[in-house]
Amino acid sequence: MTWTSAFGKGCGVLLQYIVDGLALTRISPNVLTFLGLLINTAAAILFGLANEHNYVRMFLYAGLVIIGAGIFDMVDGRVARQTDQVTVFGAFFDSVIDRYSDVVLFFGLLVFYARGIRFFYVFLTAFVMVTSLMVSYTRARAEALIGSCKVGFMERPERVVLIILGALFNRWGVMAPVLWVLAVLSTVTVIHRISYTYQRTKTSPAKVSSQAQSAAAAARSATSDPRGSAPDLGPDLRPAPRA
């Protein structure tokens, strides 16, 4: 066993202990999902309160807080399965809350750059916010037409990891290049999904309609965790495949 596999196994065991503890409380998975949003909001506030004197410390705190929010993002689906609280609405609610979590972090960065009168980075952060939402939106719309659209790279787990890295290492100005990477790769992902959907919709309308109906029926009748099988309104950090 390599050290990386051992580390992964150890993290999995620790995560299961957390899930077991939360399952004993019978807490609603939707509450866990919403708590993740509140924690991300706290991180956004830390971003917004940063200034030229304390930004290293505040960004470091924000990065650690986002990691804490990620734990809730990983366990809510597991808790739903373990406590038999799986619902289709849970999948919808989780995806919607994920979008708010994305936006609130970028909004915190917008405030930081605006307070520092760095208008170019205000524009860049706003652009990243829009393209991040479009990554999720293009998949959701495509899957309503063609059944599946999982192409592209810059999904939510990758975005969150990059934001965490930018926050933790902003002592060396890492957040600025992170925003550039997000802007470029998110745009490439959106274009890729548009192109993929265009190619797939060149088939006969009847076939496309049939695929869409089959996908909708599968979503309604899914017996596995709907939080992991709902149409993409955006991926998250759960073990179940999302976006």
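I'm checking my understanding of the structure. Among residues of the stretch 93-105 that are among the hydrophobic types (A, V, I, L, M, F, W, C) and touching a residue at least 40 places away in the same chain (Cβ under 8 Å), which one is farthest from VAL178 (Cα to Cα)?
Taking the stretch 93-105 and keeping what is among the hydrophobic types (A, V, I, L, M, F, W, C), we get 93, 96-97, 103-105.
Now restrict to residues that are touching a residue at least 40 places away in the same chain (Cβ under 8 Å): 93, 96-97, 104-105.
On the way: PHE93: 28, VAL96: 24, ILE97: 23, VAL104: 17, LEU105: 14 Å.
So the residue we want is PHE93.
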Residue match in the stretch 10-22 (condition: more than 18 Å from PHE106 (Cα to Cα), modelled with pLDDT under 95 and in contact with an Asp or Glu (Cβ under 7 Å, 6 or more places away or on another chain)): no
Selection from the stretch 33-70 of residues that are of a type in the set (Gly, Ala, Ser) and part of a helix (DSSP H, G or I): GLY36, ALA42, ALA43, ALA44, GLY48, ALA62, GLY63, GLY68, ALA69, GLY70
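Take the stretch 44-71 and flag every residue that is of a type in the set (A, V, I, L, M) and either surrounded by fewer than 21 Cβ atoms within 10 Å (Cβ to Cβ) or over 18 Å from the mean Cα position of the chain (by Cα) (or both).
So the first thing to find is which residues in the stretch 44-71 are of a type in the set (A, V, I, L, M), and the list is 44-46, 49-50, 56, 58, 60, 62, 64-67, 69, 71.
If the condition is that a residue be of a type in the set (A, V, I, L, M) and either surrounded by fewer than 21 Cβ atoms within 10 Å (Cβ to Cβ) or over 18 Å from the mean Cα position of the chain (by Cα) (or both), then ILE45, LEU46, LEU49, ALA50, VAL56, MET58, LEU60, LEU64, ILE67, ILE71 are the ones that fit.
Identify, from the list ILE39, ILE18, the residue that is in contact with a Phe, Trp or Tyr (Cβ under 8 Å, 6 or more places away or on another chain), without any contact (Cβ under 8 Å) to a residue 60 or more places away in the chain and surrounded by 13 or more Cβ atoms within 10 Å (Cβ to Cβ).
Working: ILE18 fails: in contact with a Phe, Trp or Tyr (Cβ under 8 Å, 6 or more places away or on another chain).
Result of the check over ILE39, ILE18: ILE39.
Yes or no, residue by residue, for (1) under 26 Å from VAL31 (Cα atoms); (2) of a type outside the set (Lys, Arg):
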position: ARG99; (1), (2): yes, no
position: LEU105; (1), (2): yes, yes
position: ARG115; (1), (2): no, no
position: LEU124; (1), (2): no, yes
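Could you check the stretch 166-204 and list, in sequence order, the residues that are among the charged types (D, E, K, R) and part of a helix (DSSP H, G or I)?
Let us first name the residues in the stretch 166-204 that are among the charged types (D, E, K, R), namely 171, 193, 200, 202.
The answer is ARG171, ARG193, ARG200.
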Qualifying positions in the stretch 106-153 - touching a Lys or Arg at 6+ places or on another chain (Cβ under 9 Å) and under 17 Å from TYR55 (Cβ atoms): PHE112
Among residues of the stretch 72-89, those that are buried (at least 16 other Cβ atoms within 10 Å of the Cβ) and either under 15 Å from the mean Cα position of the chain (by Cα) or not in a helix (DSSP H, G or I) (or both), counted: 9
Residue list for the stretch 146-173, restricted to those being farther than 22 Å from ILE39 by Cβ and open to solvent by 10 Å² or more (accessible area, probe 1.4 Å): GLY147, SER148, LYS150, VAL151, GLY152, PHE153, ARG171, TRP172, GLY173
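Restricting the search to the stretch 160-177, which residues are under 19 Å from PHE107 (Cβ atoms), out of contact with any Phe, Trp or Tyr (no Cβ under 9 Å at 6 or more places or on another chain) and without any contact (Cβ under 8 Å) to a residue 60 or more places away in the chain? I'd like the intermediate steps shown before the answer.
Pass one, the stretch 160-177, residues under 19 Å from PHE107 (Cβ atoms): 160, 162-164, 166-167, 170, 175-176.
Checking the rest, the ones that are also out of contact with any Phe, Trp or Tyr (no Cβ under 9 Å at 6 or more places or on another chain) come to 160, 162, 164.
LEU162 - this is the single residue of the stretch 160-177 that is under 19 Å from PHE107 (Cβ atoms), out of contact with any Phe, Trp or Tyr (no Cβ under 9 Å at 6 or more places or on another chain) and without any contact (Cβ under 8 Å) to a residue 60 or more places away in the chain.
The values are calculated or read from the model by the stated rules, or taken from the named source; none is laboratory data. On a predicted model such as this, the values are computed, not experimentally measured, just so you know. Every residue, glycine among them, receives a Cβ derived from its backbone with ideal geometry; neighbour counts consider all protein chains shown. Protein only, heavy atoms only, side chains kept; ligands, DNA and RNA dropped before computing areas. Shrake-Rupley method; radii C 1.70, N 1.55, O 1.52, S 1.80 Å.
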